[in-house]
1. Do we find a residue being part of a loop (DSSP other than H, G, I, E, B), at pLDDT 85 or above and aliphatic (A, V, I, L, M) anywhere in the range 118-137?
2. Could you list, ordered by first residue, the pairs with Cβ atoms under 7 Å in which the first is in the range 134-156 and in contact (Cβ under 8 Å) with a residue 24 or more places away in the chain and the second is of a type in the set (Phe, Trp, Tyr) and buried (at least 17 other Cβ atoms within 10 Å of the Cβ), at least 6 apart or interchain?
3. Determine whether THR161 is touching a strand residue (DSSP E or B) at 6+ places or on another chain (Cβ under 9 Å), closer than 26 Å to ARG70 by Cβ and β-branched (Val, Ile, Thr).
4. Given (1) touching a residue at least 60 places away in the same chain (Cβ under 8 Å); (2) not in a helix (DSSP H, G or I), identify the lone condition not met by LYS215.
5. Tell me which residues, restricted to the range 502-528, are outside any loop (DSSP other than H, G, I, E, B) and touching a Lys or Arg at 6+ places or on another chain (Cβ under 8 Å).
6. What single numbered condition from (1) within 16 Å of ILE416 (Cβ to Cβ); (2) among the β-branched types (Val, Ile, Thr); (3) modelled with pLDDT of 90 or more; (4) buried (at least 17 other Cβ atoms within 10 Å of the Cβ) fails to hold for VAL352?
7. Of all the residues that make up the range 335-348, how many are farther than 26 Å from PHE204 by Cβ and buried (at least 18 other Cβ atoms within 10 Å of the Cβ)?
8. Check the range 169-183 and report whether any residue there is outside any loop (DSSP other than H, G, I, E, B), under 20 Å from LEU53 (Cβ atoms) and not small (Gly, Ala, Ser).
Amino acid sequence: MDHCVFIKGKRKLLSERGGGNSHRVSKQARRCEAFHRFMPAFEGLIDSTISDLYRNVLSEIAEFVQAEWRSTRSRCGVVCCENVDGISLSHSLTELLGKEPICISAPTPPLYTLVDLMRKNKEPKCFLLKQVECLPGDFIDSFISILCDPDWDCKFVLLMTISADMSVVYSRCSRESYTQLAIRRFKFPSPLMALNAFLDAVTFHSHSAVRVDGKLFDELRASYLEKSFSTEQLKKMVRLAVLHFFTTTEDHEIDAEECSPHIERYVLFMRLLYDLCDGLPLQAESIYELHSKLQWNASFFTDRDGLFSEWKSVWLTWDVEQVKAAVNKLLPHLKEFDDELYAELESLLLDVENLEARKSAMYEKISVNASADSPSESRSISESKLSYSVMQHRLKEKMAAAKKLDLFTSDRQRFIKLLTKVFRTVLKPFDAVDALKGGLLRGGASLSTLTAPCIREHLEGALAGSSLHEKKVDLCVAYRTLQRLALYKKSIRIAEWAHHFEEETHHLEGVDPSTRLYKCIADLELMGVIKAASDSCVTAVQLLQPPSTLVVDTA
């Protein structure tokens, strides 16, 4: 302590700094706790939404299996198709039946092991042939003939999963085999329905406090349809988006009840717009594509050259019944939302319904005005020849009268204006709604890269050896010299490659450099990086595809 010199006021400064750090740490801890509290419930919502798609089919299969076990028939077959990752048929049947089905897949087990299993245990069994397309036809025939042997005193149900249509069963089995089975088909929902259910849970669920924005919505669809067909992959992307939301947002307390009416109204009117666009040019393939267009384009309803403008040009040609049907679809949902719009649409509907009476009244009014304006009209026209100006005047009067009598044209224009006003009021981007923009999960292509990194790029980086402390690893030197030669040659002769490789690699006593290069060539060919120049030319190689990031050793 004799050597310590204290400065007055320093302790207070240090304590304040320490207090600031502790406050920052506690703030981060609270954010992590909020994330861990929220995420299980959010993932549970997603899982329950997807599992609801498959619950009915799985329970039908389980009821079918149990009914066949209780019946006198011991030979039956079921075909299931359209499975998706995250939904395991064998696991689900184990939970529903109370016993695990015997799964058979390629490579097929020996038949005697299955026979021994059936002899040891006489309880009813459920056999599950996975991916019938991949199983040998003779194995399926032999297995069915064993099961259908009348000497067996064992009840069974045979389930076969396929990825195509029913014809694959009849093509893989002989007539003698499938005629012994009572076949019933069960169809799982398509993978596209699983994607739609996932998007409903993370975007349109009315009681959820957070939801994905337009950019992340499109990235989720692209990742599923173009890359993986995996809902588990989408869950990883959403989990990262939620983590980013909780670590960057100050206020995590979002009122789900305040968001609920906005989302319910948005989904309702989006479906109404989709129905009104049925059969129109450039119609959206689904409401999910329509939602993407609405979120990306803030001027969707005002763009003169846009999609909505083309739809309006078609709606202007609708007849009376089509306009009445469209107004009747909108009216029930506007009453609790906007009294002014409801009154205007109701007035329009009343005018359209009384169109003939309005035309008669207008015709009488025009006739009265015409007779009052020209009292000498009853005179014979032959008394005096009409001048050109008089004929033009009369023609204009007739055109004006016809325009006044065409009341439905103005009604259609009113209909288009009100329709645009209604949809423009409700179908706003989530960023433009104060109640929703605070709970948006934002993201893009970076989330897809984080959850599904590009193996090709990582392989190239590893082969280039740029992160290694020792740069002269044989495989890395071989790959770098190959890239350099590929800059100006499509086909690289191994002799030329060996010359560059020998110049740059470390010298090892007693080991021929060409032997080391050929080992590298074998490894690169096994990885799918190179191939022989042709079947007849094995003294030269080619890159299978150009590298995404060119790495050339200039040292």
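1. Scanning the range 118-137, I find at least one residue that is part of a loop (DSSP other than H, G, I, E, B), at pLDDT 85 or above and aliphatic (A, V, I, L, M), so the answer is yes.
2. Pairs found: LEU147/PHE156; LYS155/TRP69; PHE156/PHE127.
3. yes
4. (2)
5. Passing the criteria: GLU504, GLU525.
6. Of everything listed in (1) within 16 Å of ILE416 (Cβ to Cβ); (2) among the β-branched types (Val, Ile, Thr); (3) modelled with pLDDT of 90 or more; (4) buried (at least 17 other Cβ atoms within 10 Å of the Cβ), VAL352 misses just condition (3).
7. Qualifying residue count for the region: 1.
8. Checked against the condition, which is being outside any loop (DSSP other than H, G, I, E, B), under 20 Å from LEU53 (Cβ atoms) and not small (Gly, Ala, Ser), the range 169-183 yields no hits at all.
The values are calculated or read from the model by the stated rules, or taken from the named source; none is laboratory data. Note that this is a predicted model, so its numbers are computed, not measured. For neighbour counting, all protein chains shown are included, and Cβ atoms are generated from backbone atoms with ideal geometry for every residue, glycine included.
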